Every structure is written in structure tokens, then in C-alpha cells.
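Colleague: There's a structure below that I have some questions on.
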Amino acid sequence: MKKYIALGLCVALLGIMTAGCAKKEEPIEQMQEPLSLDVAPLSTNTAATTDMQAAAVVGTTSSAQEGIVLPPQAPYKPTDKEIQTALKNAGFYAGAVDGKIGPQTKKAITDFQAANNLKVDGKVGPQTWGALSQHLNAAPAMETTQTTTR
């Protein structure tokens, strides 16, 4: 008798397990739920949270329009050719715009910094580039060539 009860329980258990494993047919719309990238604030201080979120959003991009908060961007780092071009347009560099920062370019950088009341360190940081970038798309400065007539 115990064998029949054990066999009946095994059959019943096997029937329940196979019935639960049957695939359900769900419409694709129900399987594809829209994803949300909303982030809950870490603190209850809404003023600080708003300030942090406002500082994190830089410019308007397609992802900002979708509600994604981007991290703050680093300052723009100009290329060596951009530095040389801006120095040439400002009248501080007369060499070739070859993208190589050599002694002539470094001297032009320090001369530009001194002329514009910037820290004279020979490096094009954010403040130096802020002043120098104004000359990037400007017309080149006239070279002062002195000719003597005899």
C-alpha cells in the first residue's frame, strides 16, 4: 500500500512540475516594458539635491532632453595646432603651425601670458586658453617687419 501512495505522490508531483514549466504566450508589448533611468535623491535635502543636479547638467543634449543627468565635463583641452594658430593670430608666434610645442612656441605662450596679465608658467591652462581662444578664428595679426630704405 505504501508503494502505491508513494507512486501516486510522485506522479502528482511530476504533473504539477511539468504544468508549471509550460510556456505562457504573452504579447510582446507586455514583455517589453519601458526602462526608467530616474535616480532617487540620496538625501532628503532637496535644495542640495537640486544644486547637485543643476551642476551636473551641462548644456542641452539629446540625453539631457531624455532626463539623463550627465557628469560635469572637464575643461576643453586645445590641440597643439590650435594653440599655435591662436598665438600666430594674436601676433605672438611667427613659426610654422606644425603641432609641435617647442622653445619658440613656449616663448610665445609666456609672452602672451605676460601681455594679458596671466600667470606666466608657459602652460596653456583654462585661464590662458580662455584668453587665447578668442584669437583662434580671428584674422592673423600683421607681422611688423621693418624695412629700411637707403
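The values are calculated or read from the model by the stated rules, or taken from the named source; none is laboratory data. As the structure is a computational prediction, the values presented were derived from the model and not from experiment. Positions of Cβ are backbone-derived with ideal geometry, glycine not excepted, and every protein chain shown enters the neighbour counts.
Colleague: Restricting the stretch 78-100 to residues that are in contact (Cβ under 8 Å) with a residue 24 or more places away in the chain and outside any helix (DSSP H, G or I), which is surrounded by the fewest Cβ atoms within 10 Å (Cβ to Cβ)?
Modeller: Ala94
Colleague: Now a separate question. Kindly check whether there is at least one residue in the stretch 48-69 that is closer than 30 Å to Ala139 by Cβ and at pLDDT below 80.
Modeller: Scanning the stretch 48-69, I find at least one residue that is closer than 30 Å to Ala139 by Cβ and at pLDDT below 80, so the answer is yes.
Colleague: Taking the stretch 101-121, which residues are assigned to a loop (DSSP other than H, G, I, E, B) and farther than 13 Å from His135 by Cβ?
Modeller: Result: Ile101, Gly102, Asn117, Leu118, Lys119, Val120, Asp121.
Colleague: Let me ask you something else. Evaluate the following for Pro75: is it touching a helix residue (DSSP H, G or I) at 6+ places or on another chain (Cβ under 6 Å) and either exposed (fewer than 12 other Cβ atoms within 10 Å of the Cβ) or outside the structural domain of Gly125 (by TED's automatic domain parsing) (or both)?
Modeller: It is true that Pro75 is touching a helix residue (DSSP H, G or I) at 6+ places or on another chain (Cβ under 6 Å) and either exposed (fewer than 12 other Cβ atoms within 10 Å of the Cβ) or outside the structural domain of Gly125 (by TED's automatic domain parsing) (or both).
Colleague: Say whether the condition of being at pLDDT 90 or above and assigned to a loop (DSSP other than H, G, I, E, B) is met by at least one residue in the stretch 127-147. Show your work before the answer.
Modeller: Restricting attention to the stretch 127-147, the residues satisfying the condition of being at pLDDT 90 or above are 127-135.
Narrowing further to those that are assigned to a loop (DSSP other than H, G, I, E, B): none.
Within the stretch 127-147, not a single residue is at pLDDT 90 or above and assigned to a loop (DSSP other than H, G, I, E, B).
Colleague: While we're here: What is the one condition in (1) touching an Asp or Glu at 6+ places or on another chain (Cβ under 6 Å); (2) at pLDDT 95 or above that Ile101 does not satisfy?
Modeller: In the conditions (1) touching an Asp or Glu at 6+ places or on another chain (Cβ under 6 Å); (2) at pLDDT 95 or above, Ile101 misses (2) alone.
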